[in-house]
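Here the structure is laid out as C-alpha cells; the discussion comes afterwards.
The values are calculated or read from the model by the stated rules, or taken from the named source; none is laboratory data. Fair warning: this is a prediction, and the values are worked out from it, not measured in the lab. Here the Cβ positions follow ideal geometry from the backbone for every residue, glycine too, while neighbour counts run over all protein chains shown. Heavy atoms of the whole protein, side chains included, go into the accessibility calculation; ligands, DNA and RNA do not. Shrake-Rupley method; radii C 1.70, N 1.55, O 1.52, S 1.80 Å.
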Amino acid sequence: MNANFEISRRSFLKGAGAVGAAGLLAACGGGSSSTGSTATSGGASAPAASNGGKPLTEYIWYESGNRELESWNVLYSQNASDFNVITNLWDGLLSADCYGKPVAAIASSWEHNEDASVWTFHLRDDVDWCDVNGTVTGHITSKDFLVGLEWVLNQYKNEANNTSMPTQTLLGAQEYYDYTVEQGDAAANLTYQDMLDHGVGVEAPDDYTLVFTCTAPCPYFDTVAGYASFYPASEELINTLGIDGFRAATYAEMWYCGPYLIEEYINQNTKSYIPNPNWYGADDHSRFERMTILILVDTTMAYQLYQNRELDEFTLGESTLTTITSDPSNEYNNQLCEKRPNKYSYQMHFNYQKFDDDGNPDDNWNKAIANTAFRQCFYRGLNLTPWLARTNMINPLKCENDFYTMPGVCYNSDGKEYTELVREKMGLGAFDGETMVRLRDQDISALKAQAMEELSAVGVTFPVHALYFIQSGASAALDNATVLQQCFSDSFGDDFIVLDIGEFVSSQTQEVVNAHRHSFVVNGWGADFGDPINFLGQETLTDANAYYSHNYSFISNVYEEGPADWQADLISIYQKYEEMVHTASDIVDDINARYDAFAEAEAYFLENVLTCPANYEVSWTLTHANDYSKINAMYGICNYKYVDWETSEDAYTTEQYEEFAAAYEAAMQA
C-alpha cells in the first residue's frame, strides 16, 4: 500500500453483518459440536464488549510490506507470515484457547495411554472441504490426515519442510522419510498406504479415529499434534493439481476447512476474509463478517488511518508514542494499551556464507563472523536499549531477549520455566528494567582486542561491515535501522564493526536471504510445540530439518562444501552443540533431566553466540480489540485465528487493559 492510499472505511468494506467475539475470559476457545450454519445467517454472536461498547462486525488490521505471505500450503510453509493467514483457512486436530491450552478443533476429544506413548484422537463427523467460493468439495475423515502426514514425511513431495515434529516423535517416521529420500523421483508415486506399510506409528481404525504411536513416552504430544505437520490434506485435490501444483497452489486453487475464506487477495496490498459458510464451528465460535488486512509498505501512515477509523488497531512506534505522551491534551493519552508479548523469540541470525552483490564470497565478513570472540562482542557488548525503545518507548527493556527459546514454552515438573534453567547455567542476573541483563558488569575492550588481533592474522580488515536489509520505501523500517546503526557505533566504535543498511524491493527471502547477501537477519521463531527441541533443533549442523542452518545461516552449506581452515573452530563448536542437542533429545523418561540437558546445550550455544538474541515484541497499541480474548499459545500456528475476539466500537483504555492483564494473570495462576 503506497502513501497516496486514500479510501474510506465504508467504501473499502463492502458490507456489514453479524459477527463478534467472546468477552474477556468468558469464551477463550474450545470446540464443541454443531452443524455448519453460516455466520451471516446465524451462528455464534458476540456478547457486549466489556467496556460497554458495541462489538465490531468487521475489523481492519495491517501488516508491514515484508510480512506478505509466500505460500498458501499449510503443510509446506514454515513461515509465520504465511501461518498468520493460513490458520484462518485450515483447521487441524487441535487449536488453543486464550490461555494457550490445547482445545478441540477437528478432533473433538483425545486421550493417551498410561505412559503417554500412544495417543488417540476422535474426529468430528461434520467437517467438510470447500473451495474458495464456499462450495463443498469433499468430506474430511481420518484418511485426510493420513494423506497429509504422508505428504509431510515424503521428501520428494514436501522437500523436508515440517518433518521434524513427526520424525522426532512418531514411531517409524524417520525411517519412512529416509526411505523416500532413497526412492528419489519414485517417491512421487508413494501413498499413505505405503507409509502405513512401512510401519509409521499412525493408524485409522475407522473414519473418525486416529491413533499415533510415539517412539517413546511423549507427554507433550498433544502440542505436537496440533501443529501444521499433522494437518489434513485432500488426496483428490493433490491428484488434480499434481505434486508441484499442490505444493505451490494459489489461494484460488486450494481447498479449505477453517473458519474463513479469502474474499479478495491483492499481493502486497490487501487480504480480506469472509466466514466459511461450511465451517463446523459456526454455532460455537464468533467470527467477523469481514476481516481485512492491509499491507502498508510505509507503516508510518497507519496512525493517520487509525485516526480516520480506517484501521481498528495501530501498533505504536517510538515517535508516535512520544507525540502522544508529550501532549497532556492528546485524545489518545488514556488509550495507550501495552500488549502481551507475542510468541516469537527474535534473534540476529548470522550468515556464515555471505556473498556480495556480484555473487562472490564476502570473505572479510565470513572470516570475521567465524571468529568466536568477534561474535561474543555482539552478545556481551551491543547495547540495544535505544533500538528496543522503537518498539516500547515506555518500557524498552521489557523487549530485552537474552535467550534463544521463548519463555513460557515449557516448565519442568517443579514448575520452573525452562529459560530460567538457561539463566542459571549462564550465570545471568534477573531482569531489573534498568540495564540489559547480559551487559551488566561487562567490559568488552579485551574481547574486542582479542577479536581484532585474531582476525587481522587471517587477513580481515577493519572496520568489518555488517549489511542489514530493510524494504525500500519503508520509512519506519529505515528509522529503526538507523537507530540500530547508532547502537553499533555507540557500542563498538567505528573502528570495529559498522552497520550498513541495504534495501530490497518486495521480498527479503527472494532478494536477500536466498542470495546470501545479508550479514544477519533479525527474525523470530515461535515454537511449533511445547518442548525446547523445537527451538534448538533449528540450529543443528547436519539435521535436514534444521531450518535456520539451511535457510539463513547457511552453516550447513559451509560444512557440506568443506570448511576453510579459519572455519574449523566454528564447525567444531557446531558439532559439539549438535551432539548436546541430540543427547538432550534422547532423554525421554525424565522431563527434568531432559530440560536440564537442553539448558546446557542452549547455554553453550549462547556463550558461543552462534546467533545473537535480539528482542521480544512487547508493543503499545491503540486498539478496538481486547488482546486478552485472543488465542495466546507459545507454540503452534493458531494465534492469528480471528475467532472469539472481544471488540468494541469504543477504543479500549489504559486502565481497562491493566484490569485485563491483572485478571488474566490471576486466572493463569489459579
For this session: Determine which single condition A302 fails, assuming it passes every other condition in (1) crowded, with 24+ Cβ neighbours inside 10 Å; (2) part of a loop (DSSP other than H, G, I, E, B).
Result: (2)
Problem set entry | Single condition R440 does not satisfy, out of (1) at pLDDT 95 or above; (2) over 25 Å from Y99 (Cα atoms); (3) not aliphatic (A, V, I, L, M) | (1)
Exercise. Has the range 172-195 got at least one residue that is under 21 Å from F246 (Cβ atoms), assigned to a strand (DSSP E or B) and open to solvent by 20 Å² or more (accessible area, probe 1.4 Å)?
Worked result: no
For this session: Please indicate, with yes or no, whether at least one residue in the range 283-291 is open to solvent by less than 10 Å² (accessible area, probe 1.4 Å), part of a loop (DSSP other than H, G, I, E, B), under 27 Å from I631 (Cβ atoms) and polar (S, T, N, Q).
Result: yes
For this session: Give me a count of the residues in the range 345-365 that are farther than 16 Å from H550 by Cα, open to solvent by 30 Å² or more (accessible area, probe 1.4 Å) and out of contact with any Lys or Arg (no Cβ under 6 Å at 6 or more places or on another chain).
Result: 9
Exercise. Out of all the residues in the range 554-570, which are open to solvent by 10 Å² or more (accessible area, probe 1.4 Å) and without any contact (Cβ under 8 Å) to a residue 60 or more places away in the chain?
Worked result: Y559, E560, E561, G562, P563, A564, D565, A568
For this session: Restrict the check to the range 310-326 and report whether at least one residue is surrounded by fewer than 20 Cβ atoms within 10 Å (Cβ to Cβ) and closer than 19 Å to Y404 by Cα.
Result: no
Exercise. On the given criteria, is K641 among the basic types (K, R), within 24 Å of the chain's Cα centre (by Cα) and either part of a helix (DSSP H, G or I) or buried (at least 23 other Cβ atoms within 10 Å of the Cβ) (or both)?
Worked result: yes
For this session: Have a look at C257, C214 and point out the one that is more than 28 Å from P275 (Cα to Cα) and either out of contact with any helix residue (DSSP H, G or I) (no Cβ under 7 Å at 6 or more places or on another chain) or not aliphatic (A, V, I, L, M) (or both).
Result: C214
Problem set entry | Residue that is farthest from the chain's Cα centre (by Cα), among those in the range 539-553 that are open to solvent by 10 Å² or more (accessible area, probe 1.4 Å) and touching a residue at least 12 places away in the same chain (Cβ under 8 Å) | T542
Problem set entry | Of all residues in the range 214-252 being touching a residue at least 60 places away in the same chain (Cβ under 8 Å) and among the acidic types (D, E), the one that is nearest to Y99 (Cα to Cα) | D222
Problem set entry | Residue count for the range 214-229, restricted to those that are open to solvent by 40 Å² or more (accessible area, probe 1.4 Å) and in a strand (DSSP E or B) | 0
For this session: Could you check F403 against (1) in a helix (DSSP H, G or I); (2) of a type in the set (A, V, I, L, M, F, W, C); (3) within 22 Å of the chain's Cα centre (by Cα) and say which number it fails?
Result: (1)
For this session: Could you tell me which numbered condition Y379 fails, if it satisfies all but one of (1) within 30 Å of H624 (Cβ to Cβ); (2) touching a Leu at 6+ places or on another chain (Cβ under 9 Å)?
Result: (1)
Seminar exercise, completed: Restricting attention to the range 443-471, the residues that are in a loop (DSSP other than H, G, I, E, B) and either open to solvent by less than 40 Å² (accessible area, probe 1.4 Å) or free of Cβ contacts under 8 Å to residues at least 60 places away in the same chain (or both) number exactly 6
For this session: Please give the number of the condition F145 fails out of (1) touching a His at 6+ places or on another chain (Cβ under 9 Å); (2) buried (at least 24 other Cβ atoms within 10 Å of the Cβ); (3) under 30 Å from E263 (Cβ atoms).
Result: (1)
Exercise. Do you know which of the residues in the range 424-442 that are basic (K, R) and either under 30 Å from H516 (Cα atoms) or under 27 Å from the mean Cα position of the chain (by Cα) (or both) is most open to solvent (accessible area, probe 1.4 Å)?
Worked result: K425
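Rundown of residues vs (1) surrounded by 18 or more Cβ atoms within 10 Å (Cβ to Cβ); (2) in contact with a helix residue (DSSP H, G or I) (Cβ under 8 Å, 6 or more places away or on another chain); (3) outside any loop (DSSP other than H, G, I, E, B); (4) at pLDDT below 95, yes/no style:
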residue	(1), (2), (3), (4)
F488	yes, no, yes, no
D495	no, no, no, no
L499	yes, yes, yes, no
E503	no, no, yes, no
T509	no, no, yes, yes
H516	yes, no, no, no
V521	yes, yes, yes, no
W525	yes, yes, yes, yes
Exercise. Is it true that Y251 is open to solvent by 30 Å² or more (accessible area, probe 1.4 Å) and more than 30 Å from N267 (Cβ to Cβ)?
Worked result: no
Problem set entry | Unique match (being surrounded by fewer than 18 Cβ atoms within 10 Å (Cβ to Cβ) and outside any loop (DSSP other than H, G, I, E, B)) among T583, T621 | T583
Exercise. Just one of E646, E600 is crowded, with 21+ Cβ neighbours inside 10 Å and in contact with a helix residue (DSSP H, G or I) (Cβ under 7 Å, 6 or more places away or on another chain); which is it?
Worked result: E646
Problem set entry | Which listed residue, of N334, N330, is farther than 26 Å from W72 by Cα, in contact with a helix residue (DSSP H, G or I) (Cβ under 7 Å, 6 or more places away or on another chain), assigned to a loop (DSSP other than H, G, I, E, B) and not charged (D, E, K, R) | N330
Exercise. Across the range 373-414, which residue is farthest from I591 (Cα to Cα) among those that are β-branched (V, I, T) and surrounded by fewer than 19 Cβ atoms within 10 Å (Cβ to Cβ)?
Worked result: I394
